[in-house]
Amino acid sequence: MNIALNRFSGALALAASLLAATALAGSAHAQDEGLVVYNAQHESLGREWIAAFTKETGIKVTMRQGSDMQFANQIIQEGDASPADIFLTENSPAMTLVDGAGLFAPIEKETLDQVPDQYRPADGMWTGIAARTTVFAYDKTKLIEDKLPKSMLDLADPAWKGRWGAAPAGADFQAIVAALLQLKGEQSTADWLKALKENATPYKGNSVAMKAVNAGEVEGAIIYHYYWFGDQAKTGENSKNVGLHYFRNQDPGAFVSVSGGGILKSTQHMKEAQAFLKFLTSKPGQAVLKDGDSYEYAIGKDAPSNDKLTPLADLNAPKVEASTLDSKKVVELMTAAGLI
Amino acid sequence: MTISGNRLSKAVAFLFQRVKASALLQDNRLLASGNEAPVAPRAARMVLPRGRMPHASVILLATLVAIFSLVPLGFIGWVTYDVGWETVKALVFRPRVGELLVNTVLLESITIPLSIALAVTLAWLTERTDIPFARLWAWLAIAPLAVPAFVHSYAWVSLVPGMRGLQSGVFISVIAYYPFLYLPVVAALRRLDPAIEDAAASLGLNPWRVFFRAVLPQLRLAICGGSLLIALHLLSEYGLFVMIRFDTFATAIVDQFQSSYNSPASNMLGGVLVACCLFLLGFEVLVRGNERYARVGSGSPRPADRRRLGWFVVPAMLLPVMLTALTLGVPLVTLGRWLYLGGPDIWRIEVGTAFLQTIVLAVVGGVLATIAAAPMAWLSVRAPGRFQRVLEACHYYVGSLPGVVVALALVTITVRLVLPLYQTFATLLVAYVMLFLPRAMVGLRASIAQAPVELERAAMGLGRTPGQAVRQITMRLAAPGAAASVALAALGITNELTATLMLSPNGVDTLATKFWSLTSEIDYVSAAPYAFMMVVLSLPLTLMLYTQSKRTAGQ
């Protein structure tokens with residue numbers, strides 16, 4: 001210790017410990033400040049929601065940004081010690097995983113009553129907060145209506161080799177695969193993933209995939225709808241050649257994915273956490289979806305979505321039990337197919 | 001399992017022996033590769049009365065740091081053991097890992113030679129020819145270091161949206177990383193004794209042959225050192241390659257992390273990545289060989305003449321001009337364009353918050369890394385030995401690990417074993433200290449070596465205790481070097497992405513992580529201020545690096 005405490009490094013150590021103390025105090029302080037949300041939703045949407053909530057209730061919220069499955073697994077490892085009070089996702093498989101580990105607290109009835117049955121699990125351990133639909137974003141300059149795939153499964157056809165893209169590492173895509181798994185079973189899913197590995201170009205993220213379609217790199221990509229609407233609302237620079245094809249006909253490719261919100265049983269802020277989810281699913285909370293720039297579907301009872309979107313009811317989505325989507329199996333199948 | 005575990009530990013021990021040699025080089029790699037500065041005080045060391053120096057406590061401190069450094073490697077070993085050989089086999093020997101390996105090998109084997117050619121040509125032009133504005137070109141040649149690699153990538157993707165795959169990866173890597181070679185090569189060129197070239201010329205070799213037979217071999221240490229540094233960066237780089245859709249182990253590990261947190265699959269990919277790092281460290285030792293190139297005898301070399309370029313000056317000028325356009329012009333123009341398009345609206349309050357948080361983390365992390373490196377730096381100069389060399393290798397290897405591997409280990413360890421440290425600044429800082437230990441050793445070692453041990457002994461002769469002597473003499477003399485160490489580590493922390501993403505406390509955003517989340521939403525406009533601030537923060541540190549390299553070269 002003699003050496004470490006000499007004058008010079010002593011000064012350094014002093015400076016360091018001062019700074020570290022400030023930083024640590026800062027973090028401890030931040031953790032006392034209200035709710036901690038593990039946000040796997042888009043960062044911008046999360047911030048909009050939190051800003052609206054804090055404005056209405058005065059409750060402070062700290063957000064940590066990540067992705068669906070990362071957080072779901074992380075929360076399971078953290079167990080009762082999880083710093084999180086609330087978990088928001090883009091899709092439901094991650095909610096199922098945490099629910100399966102018994103880490104969610106039941107949602108208040110008033111909140112559940114704000115959301116129609118089909119957008120939340122029957123056990124009421126978490127709730128839907130928004131929705132998004134799968135689409136085939138295609139290059140309008142290359143594909144016309146009758147050349148589009150009738151079903152998402154058609155993309156496995158060798159005729160589509162090298163012509164389409166997807167973002168397989170993302171939670172969005174993994175939710176679609178989970179739906180496929182539930183609708184068509186393990187063998188069909190594994191086969192489709194194998195074809196995907198052969199035929200498709202992998203992108204990092206839906207928006208990147210859409211950009212690639214726009215740039216003429218591939219003729220189409222499996223993405224969610226709102227990336228297109230979001231870009232159109234801004235500059236349209238990344239989607240001017242892109243059209244959206246809705247598969248409809250209860251095709252796996254017409255899957256509507258429910259974004260979820262849940263409260264960790266271990267929370268020290270149960271009341272505030274319940275208030276948060278109640279706000280998200282309430283009229284003002286859902287209005288953030290309608291009026292903001294997220295272009296996700298509002299799912300609250302009588303909550304209108306953005307006018308520009310094709311109404312949820314017209315999408316003819318397949319019936320999928322959101323609360324039983326098997327994310328673990330999906331990651332296994334995708335790892336086996338060499339996609340991640 | 002036990003057998004392969006033993007084999008592993010033997011292999012690791014063997015590599016450490018080798019790493020030790022490369023460690024020696026590594027500490028001078030950035031500032032002046034191949035510098036033999038520590039040689040002089042070595043003689044003095046022998047007469048040091050043993051037992052009078054507080055070796056034991058310093059060794060203890062250095063050992064503690066070394067043990068900490070072994071944590072990530074130990075963790076991967078433990079996971080490997082824990083999941084069992086069958087699972088390891090299934091996760092490692094699969095086509096995906098093969099693909100990643102091919103990508104990595106291609107990337108390394110194309111990027112490194114190109115970078116060497118570029119850096120050596122440029123260094124020769126700026127140091128040994130009468131090219132106009134040589135000093136300006138020298139500054140501009142290292143300036144790209146102030147632009148984080150993933151900002152280079154962002155700039156290019158904005159400009160040419162179709163950029164992707166191996167060629168683009170190689171192209172941007174060369175642009176972003178060649179200064180790591182340029183710096184040591186320039187430093188080595190400056191120290192060369194032109195008398196050797198004269199002798200070669202007098203034996204009838206033409207200028208080209210003189211260059212290839214007399215100059216280039218003497219640059220070998222610098223080239224090996226710089227290449228290794230770039231090679232390790234390529235292994236750990238994440239943002240650059242994601243942006244242009246080129247899959248490497250680092251990107252695949254983050255994909256796995258996002259799909260399943262810290263699953264065995266991501267840890268096994270981490271294991272393969274560590275193996276790649278160790279392979280590179282060993283490979284570099286082999287390529288470098290044991291030859292030494294040193295001037296013997298008294299006196300000092302005269303400065304080398306600058307070669308007249310004549311009419312060749314026109315094509316010669318094209319190289320630095322074009323390179324500057326590619327390395328600095330493109331990032332600045334694209335950044336400027338996004339900033340202009342965004343107008344004042346994009347300068348939100350969060351930019352300021354992220355800027356402050358980045359500075360605090362960078363400075364605290366840099367200082368801590370320097371303190372952690374101090375015992376080892378002192379030992380390696382004043383009291384080398386076999387055990388000390390092993391300790392030193394531990395210090396160095398951890399810095400060659402990708403941030404994502406270190407973070408993966410720390411995430412799991414803190415959540416399972418030391419929960420109070422989970423998601424705190426403390427853990428994030430520990431990661432920074434590990435990742436940037438070698439950088440901290442750089443400045444410290446060089447300057448401790450330059451502080452004569454005789455002064456310490458004189459102080460003791462005048463009645464100071466050994467501790468006081470070190471404190472009052474050596475540490476003061478080493479202060480400038482320590483400052484350089486802090487700056488170097490801080491530069492690394494400013495641009496660090498993956499470990500920060502995975503470990504940072506709730507609500508903490510650095511410039512790098514904010515920039516990253518915005519670019520992932522293709523919100524290039526809002527991302528621009530963060531990129532700009534990162535450059536602003538890195539620029540003075542980069543300039544300091546450059547002046548330090550000149551000083552080490554004795555100019």
| request: Using amide H atoms built 1.01 Å from N in the peptide plane, name the residues 5+ places from A:ILE129, or on other chains, whose amide H lies under 5 Å from its own. | output: A:SER259, A:GLY260, A:GLY261
| field | Neighbourhood net charge (10 Å Cβ-Cβ; Lys/Arg +1, Asp/Glu -1) for B:VAL525 | value | 0
| message | Just to check I understand the Karplus step: with θ = phi - 60° and J = 6.51 cos²θ - 1.76 cosθ + 1.60, what whole-Hz values come out for region A:119-135, glycine and proline as x? | response | 10, 8, x, 4, 6, x, 8, 8, 9, x, 10, 6, 8, 8, 10, 6, 9
| note | Given unit charges at Cβ for Lys, Arg (+) and Asp, Glu (-), the dipole magnitude of the protein assembly as shown about its Cα centre in debye, nearest 20, is 4160 debye
| field | Candidate lysines - alpha carbon under 24 Å from A:LYS278, same-chain residues fewer than 8 apart omitted | value | A:LYS55, A:LYS60, A:LYS109, A:LYS265, A:LYS290, A:LYS301
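For chain B, which whole-number percentage of the solvent-accessible area (1.4 Å probe, protein heavy atoms only) is attributable to carbon and sulfur atoms? Intermediate results must be reported in sequence, preceding the final value.
Details: 14470 of 21430 Å².
Answer for chain B is 68 percent, counting heavy atoms of protein chains only.
Mind putting a number on the dipole of region B:343-554 about its Cα centre? Charges go on the C-beta only, +1 for Lys and Arg and -1 for Asp and Glu, and I need it in Debye to the nearest 20.
Working: 14 positive and 9 negative charges, 209 e Å.
Charge dipole, region B:343-554, about its Cα centre: 1000 debye, nearest 20.
Before I look further, what does region B:343-554 give for accessible area per residue, probe 1.4 Å, in whole square angstrom?
Numbers: 6360 Å² over 212 residues.
Result: 30 Å² of accessible area for each residue.
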| field | Listed residue (B:THR498, B:GLN357, B:MET376) projecting farthest to the positive dipole end of region B:343-554, Cβ model | value | B:MET376
| field | Amide H contacts under 5 Å for A:ALA167, placed H, 5+ residues apart | value | A:TYR203
| request: Using only Cα atoms, find the angle between the long axis of helix A:270-281 and the longest principal axis of chain A, and express it within 0 to 90 degrees, rounded to the nearest 10. | output: 30 degrees
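Which value, in Å to one decimal place, does the Kirkwood hydrodynamic radius take for region B:343-554 when every pair of different Cα atoms is included?
Numbers: mean 1/r = 0.0534 Å⁻¹.
This gives a value of 18.7 Å.
Quick check for me: using +1 on Lys/Arg Cβ and -1 on Asp/Glu Cβ, what's the dipole size of chain B about its Cα centre, in debye to the nearest 20? List each step's numbers first, then the result.
Values: 43 positive and 26 negative charges, 381 e Å.
Charge dipole, chain B, about its Cα centre: 1820 debye, nearest 20.
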| message | How shielded is A:225-234 by partner chains, expressed as the average number of their Cβ atoms within 10 Å of its Cβ atoms? | response | 1
| query | If you count, for each residue, the other Cβ atoms within 10 Å and average over each peptide, how do B:487-496, B:55-64 line up from highest to lowest? | reply | B:487-496, B:55-64
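Summarise the accessible area of region A:55-190 (1.4 Å probe, protein heavy atoms) by the percent that is carbon and sulfur.
Values: 2560 of 5020 Å².
After summing per-atom areas, the C and S share lands at 51 percent.
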| Column: log10 I(q)/I(0), Debye, Cα scatterers of the protein assembly as shown, q = 0.11 Å⁻¹ | -1.32
| query | Shape call for chain B from the C-alpha gyration tensor, a ≥ b ≥ c root eigenvalues: rounded (a/c under 1.5), prolate (a/b greater than b/c) or oblate? | reply | rounded
| request: For A:LYS197, list the aspartates and glutamates whose Cα falls under 18 Å from its own Cα; do not include residues on the same chain fewer than 8 positions away. | output: A:ASP154, A:ASP157, A:ASP172, A:GLU186, A:GLU217, A:GLU219, A:GLU332, B:GLU99, B:ASP247, B:ASP255
| message | Please report, ordered by residue number, every helix of chain B (full DSSP H runs) that is 27 Å or longer along its axis going by C-alpha atoms and whose mean Kyte-Doolittle hydropathy reaches -1.0. | response | B:2-32, B:55-83, B:95-128, B:264-288, B:349-382, B:425-450, B:524-552
| Distance violations [Cα-Cα > 30 Å] among A:LYS283/A:LYS329; A:LYS142/A:LYS204; A:LYS140/A:LYS283; A:LYS142/A:LYS328 | A:LYS283/A:LYS329; A:LYS140/A:LYS283; A:LYS142/A:LYS328
| Once amide H atoms are built 1.01 Å from N in the peptide plane, which residues 5 or more positions from A:PHE104, or in another chain, come under 5 Å H to H? | A:LYS265
| message | Counting only protein heavy atoms, probe 1.4 Å: which residues of region B:253-271 lose 20 Å² or more of accessible surface in the full assembly compared with their chain by itself? | response | B:ASP255, B:GLN256, B:PHE257, B:GLN258, B:SER259, B:SER260, B:TYR261
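Let a ≥ b ≥ c be the square roots of the eigenvalues of the Cα gyration tensor of region A:67-108; is it rounded (a/c under 1.5), or, if not, prolate (a/b larger than b/c) or oblate? Provide the component values of the computation, followed by the final result.
Working: a/c = 1.42, a/b = 1.08, b/c = 1.32.
It is rounded, given that a/c, with a ≥ b ≥ c, falls under 1.5.
The values are calculated or read from the model by the stated rules, or taken from the named source; none is laboratory data. No experiment lies behind these values; they were computed from the predicted model shown. As a convention, Cβ positions derive from the backbone with ideal geometry for all residues, glycine included, and neighbour counts pool all protein chains shown. Please note that ligands, DNA and RNA were not included when accessible areas were found on the heavy atoms of the full protein model with its side chains. Shrake-Rupley method; radii C 1.70, N 1.55, O 1.52, S 1.80 Å.
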